[in-house]
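Student: I am attaching a structure below and will ask some questions about it afterwards.
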Amino acid sequence: MPSVPVARNEHRASGAGFTECESPVNYKRNAVIRICWNKYHSPRSIDEAIEWLTHYDGRAQVIGGGTDLLLEIQQGLKPAVEAMVDPCRIAGLNQVTIDEDYIVIGCAVTHTQVVSDKRIIRDGTCLVESCGVIGGPQVRNVATLAGNVAHALPAGDGSIGLLALNGEVEVADTCGRRWMPLQAAFLGPGKSAIDHHRSLLTRLRFRATGASAGSAFTRVMRPQGVALPMISMAARVQLDADNTISAVRIALGPAGPVPYLAEPAMEVLTGGPAEPGQFDKAVKAVLASAPLRTSKYRATREYRAEMIRTHLPLVLARATERACSSDAVPVGAGQ
Amino acid sequence: MSRLLMTVNGRAVDIEVAESRFLSDVLRLDLGLTGTKIGCNEAECGICTVLVNGTPVVSCTYPAFKALGAQVETIEGLSTDERLHPLQQAFLDHGAIQCGFCSSGLIMTAKALLDEKQATGEVPGEADIKTALKDTYCRCTGYQSVINAIQQASGQDVPPYIPSTVTAGFEVGKAQPNPDALAKIRGTAKFTDDYSFPGMLYARTLRAGVPHARIRSIDTAAARSLAGVRAVLTHKDVSGRNLHGIVDLDWPVLCDDKVRYSGDAVAIVAADTETIAAQAVERIRVEYELLAVVSDAMDAVRPGAPVLHEGRPDGNLLKHIKVNKGDVASGFAAADVIVDRTYRTPTTEHLFLEPECAIGVPAGYHPADFGGNQDAEALRGETAIHDKTSIYVGSQIPYLDRDQTAAALGVKPESVRVIATLMGGGFGGKEDVAGQVHVAMLSETTQRPVKMLYSRQESLLFHPKRHATVIRIRTGATRKGQLTAVEATLYGDGGAYASLSEKVLTRATTHATGPYTVPHVKVDCFAAYTNNAPCGAFRGFGVSQSCFAVESNMDILAEELGLDAVEFRRMNTLDVGSVTATGQKMRESVGLNECIERVDHDMRGDDFRWAWKQGHRHFAWGLAIGYKNTGLGGGAPDKSIAEVEVWVEPADSGDPVVHAEVRTSSAEMGQGLPAVLAACTAEELGIPSSRIKVLLGDTDYCPDGGPTTASRQTYVSGNAARHAAKAVLAQLAPTAAGLLECAAGAVTFAANEATAEGKSVGLAEVIMQAADSGVPLLAEYEYWAPKTQALGSGGDMHFAFGFCAQAVLCEVDSRTGKVHVHKVIAAHDVGRAINPLTLEGQIEGGIVMCIGYALTEHYIQEQGEPWTKVMARYKMPGIKHTPKIISHIVEHATASGPYGAKGVGELPSIPTSAAITNAIYRATGVRVRSLPVDQDELLRAMRSGAKEIELGWGHEQAIPTVTLGGEM
Ligand SMILES: Cc1cc2nc3c(=O)[nH]c(=O)nc-3n(C[C@H](O)[C@H](O)[C@H](O)COP(=O)(O)OP(=O)(O)OC[C@H]3O[C@@H](n4cnc5c(N)ncnc54)[C@H](O)[C@@H]3O)c2cc1C
Ligand code: FES
Ligand code: FES
């Protein structure tokens, strides 16, 4: 086949060397750094990925869709690296699979894949609703749930959805592979327990909600400023035969340095009927305990509290409804 | 370097590139596929979208090696030479393309949607389109035409939305795409960054990074010593005048003693690669003595404020602008109700999708010297020999760029040539000099072509914005609803340099009564220097600001008087015979009342209510009206020169055909000027516009069309083109008379023929005969717009005004405070619609831009430091914000406009924001006095019962108290 005519431009940004960048957004240089890495590796197995990371000894980094990482490097918030290790060609890691009661999501699975997966729609609805509102289609087509979790933002939408589902993450490094609870992966804003330079988040999983449980997510955005939610919240409700709540999880953010699990509210609801009066008690419990704050140009504490008042009962009601039916139609995904 | 194999547009690609490449770099730089554009490099704007294995991705943030082995599709792969893709055809037909910079992104994203739908046998609905294109932005069109075009391309019967207008003439009044749209839609049109000259270097600017400081020293030694660096220049290297400015010369080409805002240019570098240039900039050491910062217009003019420009007699007071009419004291004494409020508008950013780019080419440049192809015949472009210092740039004022560059180089204006390239949007933001002078300096120093492309982030930091204002306005009326007096005081934040502040804020001041007859008026406006980004021209030119204040007060007054908001306005509107605040008597062409009637009629359809509720959804209508001058006005000489040349070309079959070219150095930034000029020329010559070429903005080949600003080009250059065409025909008349054997005076030209006394001869024949006998086939016409008078003289400040009315249907969600605009009904009096298709594009785009002004946009600065450093922090309206727009064209012709036309570029972007806040008030009972509306603030007010809010999004402090008449 003939090749496309090549008009090479040797003069622009050749690959030789890369410049270090400092934080914060260093606009004085106004040259957004276009060289974020020198080598790009796409290993074929988890072992090979770990070998590369070991080989570079901290000078390489795992990349998912790059929609957080590459922007942070270009804006000088993170240093450029010698090599990127991209797990998207590792067999099995770009798939959603079933392992007994678990739905298992490979680290290369994009938000678009999550949103269109029939099993997740039915048995992890809040994850579809949360991954479905991230960015626009172009971002969702490359950005991964693993990247969202690894980025460890207090209100990363995918993280909030997965936290309500009591998710777990599997980490691989030179010591092998192990599962850990999702919460343990979050150390602080943008700080992950997973070392992105040395270990690979390989898979994420959660228990399918099945016949007696349902989940829902919602968030409130403003049309100005950064694309981070003013507040987002998710819930998973498990019902007994007599419609009492046998188990419940409520996750929300931003409230504190990591995605927040509203345990006091969960306690209030457990063992009681799934009805509006109870949901209002849950709201009170959240407001009494969640460390809500005002963040500049994003939301006031009062507004966030008000959104919990108006939206948490809706989320709980929707999760309850889904627990009672075998089908779920996600709301808001793609908005 | 590593081997990259992939398939691009069906063809195998096998190249050696650095592994650090992004996909967009491979496409644009390595493969020369420049149809994919870069708007931000932040995964924010979506215009760089290409398809990888059928899936849309943003190529600017996509590692090239992620695409190893993939099928990549770009805009260049969509059409063949003969056939456009249905999406491309539909975009053309619907006018869904203006500047064209976003078009490949919109089309590629839409293609993925169509492909997906086709696979399942469905067609996309509006909701599908809005979901798919959610993050693919367009600053020009307002998206309605985009949605319609995509639906048409999918086989649905959705015709282009073109409002009805008066009957078209031969060419004037016909809806047709802009002549340059075809190349843009194919991805072959070249914007500045798409040029790559043999031997070209890359430039970067060192920006101050501090808002106010004295420069102690600049040390460039370390930068110079870097391998690959060809030049490092500072103020010492400016051989001519180290100042530029459109009105006042106060802006240093390169700062010498002081820096006055964070975006000030301190040094410039040219190097072999962008990376080296960036590294060199990092190595320049500048020692600053930091000075106190003034970041607010009201603080700036207080005694004792730190002074930006030492030696100015008025300190930071850039200008005190006054309008006085009658006696406001007696006016207010006659009023039964007086409304007195203070409003605030934010600094906003044009966010044209093409960041500034300029290329300098040194005098004497031969591409062959650098191993390039050379074509002795070429007039411009990469293969041409350049005998003058030349600048390729997308500029709104090519001649002024030329003169300012020449002054800085210390040479005659004629030794510099500006070659205007296509512009990916301007909206007023490309009037001041950006990299023009710098690339000329660098290319002359290095004797090489030099490209200076600003990153989005540098563009945000550097270029002049729309003025933030605080406006106190007091409006009085009698119980019956007659306005008696308006008194207002405005403070406008001009930023660090004058730019067009004086002119913009004059317009804010003179339009501060709104389009109403007010017997007693006193308006004072204080334009101030601050250490914020300079402010200059921005679509609306000051009137967007004052309209928000005026039209908010009008609604409050109507309520207090117990009158219907529309009726109250109608009782006071300007009409033929009324006198404006500046004392101008309106003699003709005031279509305002008709605009109001058309909008009001549509709005009050079946079971009209101003406001209603459906659960948590609170709906309401709001209305505002506006007006805007056409042309520079205020006594400024306002002219444009155009040149028309005709020739004959043999046709494939049949008779030879007449062609023409119209030339003027005006600017096209997507607003549709080429279509207007082609139509005016065609109308006069009697040949179809498809045979008219339009050449804009090459200062060596086009006469001066003046600045493209103040909605003036249709009027002045349209007139110049029309008269130049007439002049060509007048030159041909004697030849035609010879052929027809009659007197020259008896010849008339129409429909491609010359006719006299019942006989006729083809225009082609006349031209061939004229050419043989040495009659010139080219004529130039210098058109002078009607004279205007200075503010204060009481005479005619402007030669024409456009008028409009807009009603918006808003929804406020009472659970979140979120505001959504569902529908806009608009009527615009444009004099005459020369091209209804491009006109409608201006209207829809202008309205959506003003929705952004009301709801989403604020360029935030904190103590002179921009918070809005990246595009991710500045949201312009996306396709999800687009309402249904119903548009009426009102045509009250103005006698001296071309075929009656006035300008329309700015008008639609004036009243929408006030209409929205008026609707919000009806929906919630809360009056919003600061833009953009903050849903957080609004919701808390709804809960607490507060009646008014004065914090817009991004405002930390309440609106300051303004004393009427000011403190001076
Ligand atoms: C326009 C735009 C809008 C956005 N909107 C939203 C939004 O609404 N809500 C939201 O939550 N986010 C949003 N984001 C952020 C981002 O897209 C998401 O967080 C996304 O899920 C990140 O995934 P990624 O695969 O691109 O991560 P990357 O950028 O590739 O990685 C993020 C971090 O995780 C690490 N990492 C990634 N994968 C692994 C792995 N397998 N093992 C170990 N470490 C890993 C990387 O080293 C990096 O430090 C937006 C981004 C953009 C550009
Ligand atoms: S998203 Fe790629 S250039 Fe803007
Ligand atoms: S046409 Fe879309 S940005 Fe100009």
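Student: Only one residue in B:Val808, B:Val775 is touching a residue at least 24 places away in the same chain (Cβ under 8 Å) and closer than 30 Å to B:Pro656 by Cβ. Which one?
Tutor: On the way: B:Val808 fails: closer than 30 Å to B:Pro656 by Cβ.
Just one listed residue meets the conditions, B:Val775.
Student: Something else about it: So which residues in region B:802-833 are under 24 Å from B:Ile889 (Cβ atoms) and open to solvent by 10 Å² or more (accessible area, probe 1.4 Å), if there are any at all?
Tutor: B:Leu809, B:His822, B:Lys823, B:Arg832 - these are the residues of region B:802-833 that are under 24 Å from B:Ile889 (Cβ atoms) and open to solvent by 10 Å² or more (accessible area, probe 1.4 Å).
Student: Suppose the filter is touching a strand residue (DSSP E or B) at 6+ places or on another chain (Cβ under 9 Å), part of a strand (DSSP E or B), open to solvent by less than 10 Å² (accessible area, probe 1.4 Å) and not small (Gly, Ala, Ser); does B:Ile886 pass it? Lay out the reasoning, then the answer.
Tutor: Values: touching a strand residue (DSSP E or B) at 6+ places or on another chain (Cβ under 9 Å): yes; part of a strand (DSSP E or B): yes; open to solvent by less than 10 Å² (accessible area, probe 1.4 Å): no; not small (Gly, Ala, Ser): yes.
So B:Ile886 does not fit the description; no.
Student: B:Gln842 fails exactly one of the following numbered conditions: (1) more than 14 Å from every other protein chain (Cβ to nearest Cβ); (2) in contact with a helix residue (DSSP H, G or I) (Cβ under 6 Å, 6 or more places away or on another chain); (3) crowded, with 24+ Cβ neighbours inside 10 Å. What is the number of that condition?
Tutor: All conditions pass for B:Gln842, except number (2).
Student: Moving to a separate point now. Suppose we keep only residues that are under 25 Å from A:Pro330 (Cβ atoms) and within 12 Å of another protein chain (Cβ to nearest Cβ) within region A:263-305. Which one would you say is surrounded by the fewest Cβ atoms within 10 Å (Cβ to Cβ)?
Tutor: Among them, the one singled out is A:Arg304.
Student: On to the next question. Could you count how many residues in region A:192-224 are away from chain B (no Cβ under 14 Å), touching a residue at least 60 places away in the same chain (Cβ under 8 Å) and under 27 Å from A:Thr294 (Cβ atoms)? Step through it out loud before you land on a result.
Tutor: Restricting attention to region A:192-224, the residues satisfying the condition of being away from chain B (no Cβ under 14 Å) are A:192-217.
Then keep just the ones that are touching a residue at least 60 places away in the same chain (Cβ under 8 Å); that gives A:196-217.
Filter again for under 27 Å from A:Thr294 (Cβ atoms), leaving A:216-217.
Going through region A:192-224 one residue at a time, the tally reaches 2.
Student: Looking only at residues in region B:33-51 that are facing another protein chain (nearest Cβ under 10 Å) and open to solvent by 10 Å² or more (accessible area, probe 1.4 Å), which one is nearest to ligand 1 (Cβ to nearest atom)?
Tutor: Selected residue: B:Ala43.
Student: While we're here: Restricting attention to region A:275-310, report how many residues are touching a residue at least 60 places away in the same chain (Cβ under 8 Å) and among the aromatic types (Phe, Trp, Tyr).
Tutor: Looking only at that region, the number is 2.
Student: Give, as residue ranges, the strands (runs of 3 or more DSSP E) completely inside region A:37-106 that count at least 3 residues that are away from ligand 3 (no atom under 16 Å from the Cβ) and within 14 Å of another protein chain (Cβ to nearest Cβ).
Tutor: Working: elements: A:39-41, A:60-62, A:83-85, A:96-99, A:102-106.
Filter on region A:37-106 gives A:39-41, A:60-62, A:83-85.
Student: Another one. Counting just the residues of region B:59-78 that are open to solvent by less than 10 Å² (accessible area, probe 1.4 Å) and not polar (S, T, N, Q), which one comes out nearest to the other protein chains (Cβ to nearest Cβ)? Explain how you work it out, then say what you get.
Tutor: Quick first cut of region B:59-78, residues open to solvent by less than 10 Å² (accessible area, probe 1.4 Å) only: B:59-61, B:63-64, B:67, B:70, B:72, B:74-75.
From the residues that got through so far, the ones that are not polar (S, T, N, Q) too are B:60, B:63-64, B:67, B:70, B:72, B:75.
Values: B:Cys60: 9, B:Pro63: 6, B:Ala64: 8, B:Ala67: 11, B:Ala70: 11, B:Val72: 10, B:Ile75: 14 Å.
Step by step, filter region B:59-78, then rank; the result is B:Pro63.
Matching residues to (1) farther than 30 Å from B:Gln769 by Cα; (2) surrounded by fewer than 24 Cβ atoms within 10 Å (Cβ to Cβ):
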| position | (1), (2) |
| --- | --- |
| B:Arg587 | yes, yes |
| B:Gly605 | yes, yes |
| B:Lys613 | yes, yes |
| B:Leu623 | yes, no |
| B:Pro637 | yes, yes |
| B:Ala642 | no, no |
| B:Glu649 | no, yes |
| B:Val657 | no, yes |
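Student: Can you tell me which residues in region B:270-291 are assigned to a strand (DSSP E or B) and open to solvent by 10 Å² or more (accessible area, probe 1.4 Å)?
Tutor: Filtering region B:270-291 down to residues assigned to a strand (DSSP E or B) leaves B:270-271, B:285-290.
B:Arg285, B:Val286, B:Glu287, B:Tyr288, B:Glu289, B:Leu290 - these are the residues of region B:270-291 that are assigned to a strand (DSSP E or B) and open to solvent by 10 Å² or more (accessible area, probe 1.4 Å).
Student: Go through B:Ala440, B:Ala406, B:Ala496 for me and flag whichever is within 30 Å of B:Thr961 (Cβ to Cβ), aliphatic (A, V, I, L, M) and away from ligand 2 (no atom under 16 Å from the Cβ). Working first, answer last.
Tutor: Numbers: B:Ala440 fails: within 30 Å of B:Thr961 (Cβ to Cβ); B:Ala406 fails: within 30 Å of B:Thr961 (Cβ to Cβ).
After ruling out the rest, the residue left standing is B:Ala496.
Student: Go through B:Asp30, B:Asp115, B:Asp81 for me and flag whichever is away from ligand 1 (no atom under 16 Å from the Cβ), charged (D, E, K, R) and at the interface with chain A (Cβ under 9 Å from one of its Cβ atoms).
Tutor: Values: B:Asp115 fails: at the interface with chain A (Cβ under 9 Å from one of its Cβ atoms); B:Asp81 fails: at the interface with chain A (Cβ under 9 Å from one of its Cβ atoms).
It is B:Asp30.
Student: Of everything in region B:855-890, what is hydroxyl-bearing (Ser, Thr, Tyr) and facing chain A (nearest Cβ under 10 Å)? Give them in sequence order.
Tutor: Pass one, region B:855-890, residues hydroxyl-bearing (Ser, Thr, Tyr): B:856, B:859, B:868, B:874, B:882, B:887.
Selection gives B:Thr856, B:Thr868, B:Tyr874.
Student: Name the one entry in B:Ala12, B:Ala18 that is surrounded by fewer than 23 Cβ atoms within 10 Å (Cβ to Cβ) and out of contact with any strand residue (DSSP E or B) (no Cβ under 7 Å at 6 or more places or on another chain). Step through it out loud before you land on a result.
Tutor: Values: B:Ala12 fails: out of contact with any strand residue (DSSP E or B) (no Cβ under 7 Å at 6 or more places or on another chain).
Matching residue, one of B:Ala12, B:Ala18: B:Ala18.
Student: Any idea which residue in region B:891-911 is farthest from the other protein chains (Cβ to nearest Cβ), counting only those that are in a helix (DSSP H, G or I) and surrounded by 24 or more Cβ atoms within 10 Å (Cβ to Cβ)?
Tutor: Keep residues of region B:891-911 that are in a helix (DSSP H, G or I), which gives B:898-900, B:907-909.
Going one step further and asking which of them are surrounded by 24 or more Cβ atoms within 10 Å (Cβ to Cβ), we end up with B:898, B:907-909.
Working: B:Pro898: 40, B:Leu907: 25, B:Pro908: 20, B:Ser909: 18 Å.
Among those that are in a helix (DSSP H, G or I) and surrounded by 24 or more Cβ atoms within 10 Å (Cβ to Cβ), it is B:Pro898.
Student: Quickly run through region A:53-99 and pick out the residues that are within 16 Å of ligand 2 (Cβ to nearest atom) and among the charged types (D, E, K, R).
Tutor: Kept after step one, since they are within 16 Å of ligand 2 (Cβ to nearest atom), are these residues of region A:53-99: A:65-75.
Correct list: A:Asp68, A:Glu72.
Student: Also, I was wondering about something else. Of all residues being within 14 Å of chain B (Cβ to nearest Cβ) and in contact with a strand residue (DSSP E or B) (Cβ under 7 Å, 6 or more places away or on another chain) in region A:112-135, which is farthest from A:Val220 (Cα to Cα)? Just the residue, please. I'd like the intermediate steps shown before the answer.
Tutor: Taking region A:112-135 and keeping what is within 14 Å of chain B (Cβ to nearest Cβ), we get A:112-113, A:115-116, A:132-135.
The next check asks that each one be in contact with a strand residue (DSSP E or B) (Cβ under 7 Å, 6 or more places away or on another chain); those that pass are A:113, A:133.
Details: A:Gln113: 23, A:Val133: 11 Å.
Checked region A:112-135; the qualifying residue farthest from A:Val220 (Cα to Cα) is A:Gln113.
Okay, residues lined up against (1) away from ligand 1 (no atom under 16 Å from the Cβ); (2) open to solvent by less than 10 Å² (accessible area, probe 1.4 Å); (3) within 14 Å of chain A (Cβ to nearest Cβ):
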residue: B:Gly125; (1), (2), (3): yes, no, yes
residue: B:Ile129; (1), (2), (3): yes, yes, yes
residue: B:Asp135; (1), (2), (3): no, no, yes
residue: B:Val158; (1), (2), (3): yes, no, no
residue: B:Gln176; (1), (2), (3): yes, no, no
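Student: When only residues in region B:659-681 that are touching a Pro at 6+ places or on another chain (Cβ under 6 Å) and small (Gly, Ala, Ser) count, which is surrounded by the most Cβ atoms within 10 Å (Cβ to Cβ)?
Tutor: Residue satisfying both the conditions and the ranking: B:Ser665.
Student: So A:Ala227 ticks every box in (1) open to solvent by 40 Å² or more (accessible area, probe 1.4 Å); (2) out of contact with any strand residue (DSSP E or B) (no Cβ under 8 Å at 6 or more places or on another chain); (3) away from chain B (no Cβ under 14 Å) but one. Which box is left unticked?
Tutor: Only one criterion is unmet by A:Ala227, namely (3).
Student: Sticking with this structure for a sec: So which residues in region B:254-269 are open to solvent by less than 10 Å² (accessible area, probe 1.4 Å), more than 12 Å from B:Leu206 (Cα to Cα) and not in a strand (DSSP E or B)?
Tutor: Listed by number, the list holds a single entry, B:Tyr261.
Student: Report whether or not B:Ile851 is of a type in the set (A, V, I, L, M), closer than 30 Å to B:Gly615 by Cβ, within 13 Å of chain A (Cβ to nearest Cβ) and surrounded by 24 or more Cβ atoms within 10 Å (Cβ to Cβ).
Tutor: On the way: of a type in the set (A, V, I, L, M): yes; closer than 30 Å to B:Gly615 by Cβ: yes; within 13 Å of chain A (Cβ to nearest Cβ): yes; surrounded by 24 or more Cβ atoms within 10 Å (Cβ to Cβ): yes.
Here the answer is yes, as B:Ile851 does meet what is asked.
Student: When you go through B:Ile107, B:Ile97 one by one, which is the residue that is more than 11 Å from chain A (Cβ to nearest Cβ), within 13 Å of ligand 3 (Cβ to nearest atom), under 26 Å from the mean Cα position of the chain (by Cα) and open to solvent by 10 Å² or more (accessible area, probe 1.4 Å)?
Tutor: Working: B:Ile107 fails: open to solvent by 10 Å² or more (accessible area, probe 1.4 Å).
Being more than 11 Å from chain A (Cβ to nearest Cβ), within 13 Å of ligand 3 (Cβ to nearest atom), under 26 Å from the mean Cα position of the chain (by Cα) and open to solvent by 10 Å² or more (accessible area, probe 1.4 Å) holds for just one of B:Ile107, B:Ile97, which is B:Ile97.
Student: May I pose another question? Can you find a residue in region A:14-32 that is away from ligand 2 (no atom under 16 Å from the Cβ), within 26 Å of the chain's Cα centre (by Cα), modelled with pLDDT of 95 or more and open to solvent by 20 Å² or more (accessible area, probe 1.4 Å)?
Tutor: no
Student: Among the numbered criteria (1) assigned by TED's automatic domain parsing to the domain that holds B:Gln447; (2) open to solvent by less than 10 Å² (accessible area, probe 1.4 Å); (3) among the aliphatic types (A, V, I, L, M), which single criterion is violated by B:Met298?
Tutor: (1)
The values are calculated or read from the model by the stated rules, or taken from the named source; none is laboratory data. Treat the numbers as computed from the prediction; the structure is a model and nothing was measured. Cβ sites come from the backbone with ideal geometry, for glycine too, and all protein chains shown count toward neighbours. Quick note on the areas: whole protein, heavy atoms, side chains included, nothing else; ligands and nucleic acids left out. Shrake-Rupley method; radii C 1.70, N 1.55, O 1.52, S 1.80 Å.
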